[in-house]
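Chemist: Below: one structure in structure tokens.
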Amino acid sequence: MSKIIAALANVLLVLIVCVSYAPAQEPSAPKPKVESPPPMTKTDLPKNEVEQTLDEAKKNGDKVLTVCLEDCDNSNDLITSGIEVGHVVELPQPEYPALAARAHVSGQVQVQVVIGLEGDVIAAHAIAGHPLLQASAVSAARKARFTPTLLEGKPVKVAGVIAYNFIR
């Protein structure tokens with residue numbers, strides 16, 4: 001037993017010696033402060049296709065009207081003086097995404113669109129609605145066709161919102 005105690009004492013002595021003789025580490029340089037970026041604001045976010053199209057039209061001096069595109073009987077967007085508002089020629093219904101159906105997702109998706117001089121949708125972006133439904137609604141909105149909107153007899157671009165209802 002005394003041999004075991006002597007052996008343990010030697011081991012402890014070796015450990016103490018190893019620890020006490022461990023080479024000292026040089027102090028490291030202070031770490032630079034990592035600052036978190038400031039919170040993003042709406043102006044910092046990249047612009048969507050509709051915003052880019054409207055900015056480009058403004059830069060080119062094109063007139064763009066904002067009008068009601070659907071159910072306009074009770075709308076405050078109705079403009080009558082010198083304007084012949086285009087009408088829907090084709091408004092395809094979106095396909096119900098399989099994943100959204102399996103997840104029992106339903107609801108309304110609002111798609112902001114810009115309609116070109118010939119009545120075709122030249123830009124579309126979902127502005128509200130469930131994310132699983134948005135891509136299908138935007139795809140349908142891109143296929144929509146309207147008669148051209150005329151301002152003093154000349155075609156103009158139009159910005160508006162199309163609402164799609166997904167019901168299961």
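Chemist: List pairs: first residue in region 124-136 and β-branched (Val, Ile, Thr), second residue assigned to a helix (DSSP H, G or I) anywhere in the structure, Cβ distance under 9 angstrom, at least six positions apart or on different chains.
Modeler: Cβ pairs passing all conditions: Ile127/Val50.
Chemist: For residues that are at pLDDT 95 or above and part of a loop (DSSP other than H, G, I, E, B), tally how many sit in region 67-96.
Modeler: Looking only at that region, the number is 6.
Chemist: Filter region 126-168 down to the residues that are within 17 Å of the chain's Cα centre (by Cα) and over 19 Å from Thr66 (Cα atoms) and list them by number.
Modeler: Gly129, His130, Pro131, Leu132, Leu133, Gln134, Ala135, Ser136, Ala137, Ser139
Chemist: Hey, could you check region 39-66 for residues that are part of a loop (DSSP other than H, G, I, E, B) and within 19 Å of Leu151 (Cα to Cα) and say which is modelled with the lowest pLDDT?
Modeler: For region 39-66, the residue satisfying everything is Lys63.
Chemist: (1) modelled with pLDDT of 95 or more; (2) at positive phi: which one isn't true of Gln134, the others all being true?
Modeler: (2)
Chemist: Of all residues in region 139-150, how many are under 20 Å from Asp55 (Cα atoms) and either buried (at least 20 other Cβ atoms within 10 Å of the Cβ) or touching a Lys or Arg at 6+ places or on another chain (Cβ under 9 Å) (or both)? Outline the logic, then answer.
Modeler: Going through region 139-150, the residues under 20 Å from Asp55 (Cα atoms) turn out to be 142, 149.
Now drop any that are not either buried (at least 20 other Cβ atoms within 10 Å of the Cβ) or touching a Lys or Arg at 6+ places or on another chain (Cβ under 9 Å) (or both), which leaves 149.
Qualifying residue count, region 139-150: 1.
Chemist: Any idea which of (1) buried (at least 16 other Cβ atoms within 10 Å of the Cβ); (2) under 16 Å from Glu49 (Cα atoms); (3) of a type in the set (Val, Ile, Thr) is the one Ile127 doesn't satisfy?
Modeler: (1)
The values are calculated or read from the model by the stated rules, or taken from the named source; none is laboratory data. Owing to the predicted nature of the structure, the values given are computational and were not obtained by experimental measurement. Glycine also receives a Cβ, built like all others from the backbone with ideal geometry; neighbour counts cover every protein chain displayed.
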